[in-house]
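Notes to accompany the following structure.
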Amino acid sequence: KERERSQNSQNRGDEAEDMWVRTQGVIWMLWMLVLVMGGASGCWARGEEGEERRHDSVYVWWFGPFFSGGGYSTEAASLALSLVPKIGGLKITHHGDSYNPSFVAGLDEPTRDALVTHSTFDMLGAIRTRTDPARKNHLFVVCHSEPGAWNPPLYSTSLCPPPGVVSNDATEVHLIGRTMFETDRIPTGWVERCAEMDRVWVPSRFHKSTFSSSGVPASKIVVVPESVEVDFFNPQRHEPLPVGHGHLCDFNLHPDDACTAGDPFVFFSIFKLEERKGWDLLLKAYLAEFSPTDPVYLMLLVSQFHSDHDVLAKAVEIASGDEKWNRAALEEHVCVIDQHVPTEVLPRLFLAADGFVLPSRGEGWGRPQVEAMAMGLPMATTNFSGPQDYTTPLNSYPIGLVEEEPLVHPTSGVFQSHLWANPSVGEIRRVMREMVANPLEARQRGRQAALDMREHYSPASLRAIMLREFDAMVGASRTAEPTTAEGPIEYGNA
């Protein structure tokens, strides 16, 4: 019996050893298969410790409003230029909006030089002269604009996708539309234009939901967030810019000539003068919550949007009947900057403030919000649309909606059948007062915001997401499911 037990034990040991050997063999075969498939694709590869290797067979032709200014413009530049170190080549073409010389002149020199360099890159020539016939080239054409600009465009602009650029034996062409919309649905005609793309990149889960419910095939929609230039919008690299008081602020770019804002808590906001941005709600909340005797100050960087609004006149109208806020008091406490501020100066304006507030009714992403967060400012914005993906009660102040009617129709424009957010003035008042009353907590949220922006939304982070999506498109047909999976999303109060 002892010998029998010993023999059984030995047999079990031999079986375990055989199983271990077979397992190691399977693991080795799988590893070799991964290596072979990675090399064969000519696209995917990882370096040591997860470092991205160059995707030498990947070329990107990015069409966007690079030289126009605004959200689409800065987003396009940040996303496209982040790819340069890791792909075979990048070409950019101005598209979707007019050229803005003031914006271009105000760009920091490295960004301006990079955009000019990649505007003149001979993309098709580089692909033709590529000397590795064993690997197929992959050209990703990105149309970064509202779909009305996509070929055939509804107005005069460069053609994207460009005519005649099609797949052949040496190069496979992939079409990507990058776009967004700020309401609960997308405009008429967008579904058909999105259907012509292999993929439609949207910045948030909100947009994935609204585009899908509007009729864009879910299999085409991929969430690719926006990046923020965390090295440029870095509070350690800049000094605060002193700002002046008074109507339209005696503001200039020469600190020696500007009076300082003094000791009050300075709220800052950036917006176009359009209904969507909720600037009327910001004024109502500020004027209702504070008085001229409170140590607070409101600094507004504004740009006209098919209008000639006078912000201080609107403030006077809102404050009518309130004796404490006369015109002189408003001019003392509300600073309106309506001139162009060069991009290179913007971080210094953020540092001149103590908090950022923008109660918009809908956002594609919210570039001023994430730039404020990257600069370490306490930031409050509406808990709706794009910002829901990056705001939490730990890194910001999400502004709740009116409980009885959280979504409302725009009161003007061509999208009055759509719905967008109805931010609560009471909520705006609450978060502004909370920032002033608890500055230590506000600064802690600002510090967390800066950490979150650097960790999750740096150009390098977004480059990794885009390269993964390129890899997925190389290995999939046009109807294959995207690799990203998104969770549920809720509108309304935080």
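Of note:
- Any hit, the range 330-350, residues being of a type in the set (S, T, N, Q) and assigned to a helix (DSSP H, G or I): yes
- Selection status of residue 320, without any contact (Cβ under 8 Å) to a residue 24 or more places away in the chain, among the hydroxyl-bearing types (Ser, Thr, Tyr), surrounded by fewer than 22 Cβ atoms within 10 Å (Cβ to Cβ) and over 23 Å from residue 202 (Cβ atoms): yes
- The set of residues from the range 452-466 being part of a helix (DSSP H, G or I) and touching a residue at least 24 places away in the same chain (Cβ under 8 Å) comprises 452, 453, 454, 456, 459, 460, 461, 462, 463, 464, 465, 466.
Every residue, every condition in (1) open to solvent by 30 Å² or more (accessible area, probe 1.4 Å); (2) at pLDDT 95 or above, yes or no:
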| position | (1), (2) |
| --- | --- |
| 216 | no, yes |
| 227 | no, yes |
| 244 | no, no |
| 262 | yes, no |
| 269 | no, yes |
| 274 | no, no |
| 277 | no, yes |
| 292 | yes, no |
| 295 | yes, no |
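- Against the numbered list (1) within 29 Å of residue 230 (Cβ to Cβ); (2) of a type in the set (A, V, I, L, M); (3) more than 23 Å from the chain's Cα centre (by Cα), residue 154 comes up short only at (1).
- Taken over the range 197-242, the criterion of being among the polar types (S, T, N, Q) and in a loop (DSSP other than H, G, I, E, B) is satisfied by 204, 227, 234.
- The single condition from (1) within 26 Å of residue 209 (Cα to Cα); (2) in a helix (DSSP H, G or I); (3) of a type in the set (S, T, N, Q) that residue 448 fails is (1).
- Members of the range 298-317 that are without any contact (Cβ under 8 Å) to a residue 40 or more places away in the chain and part of a strand (DSSP E or B): 298, 300, 302, 303
- Count - residues of the range 352-362 that are assigned to a loop (DSSP other than H, G, I, E, B), open to solvent by less than 30 Å² (accessible area, probe 1.4 Å) and under 20 Å from residue 391 (Cα atoms): 5
- Among the residues of the range 399-436, the ones that are surrounded by 15 or more Cβ atoms within 10 Å (Cβ to Cβ), assigned to a loop (DSSP other than H, G, I, E, B) and either without any contact (Cβ under 8 Å) to a residue 24 or more places away in the chain or among the hydrophobic types (A, V, I, L, M, F, W, C) (or both) come to 3 in all.
Per-residue answers, yes or no, for (1) of a type in the set (D, E, K, R); (2) more than 19 Å from residue 72 (Cβ to Cβ):
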{"residue": "296", "(1), (2)": "no, yes"}
{"residue": "304", "(1), (2)": "no, no"}
{"residue": "315", "(1), (2)": "no, yes"}
{"residue": "322", "(1), (2)": "yes, yes"}
{"residue": "336", "(1), (2)": "no, yes"}
{"residue": "385", "(1), (2)": "no, no"}
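- The range 349-372, residues that are in contact with a Pro (Cβ under 9 Å, 6 or more places away or on another chain), among the charged types (D, E, K, R) and closer than 17 Å to residue 392 by Cα: 363, 371
- Residue match in the range 328-351 (condition: surrounded by fewer than 18 Cβ atoms within 10 Å (Cβ to Cβ) and without any contact (Cβ under 8 Å) to a residue 12 or more places away in the chain): yes
The values are calculated or read from the model by the stated rules, or taken from the named source; none is laboratory data. Since this is a predicted model, take the numbers as computed values, not measurements. In this analysis, Cβ positions are derived from the backbone assuming ideal geometry, glycine residues included, and neighbour counts consider all displayed protein chains. The accessibility values were calculated without ligands, DNA or RNA, using every heavy atom of the protein model including side chains. Shrake-Rupley method; radii C 1.70, N 1.55, O 1.52, S 1.80 Å.
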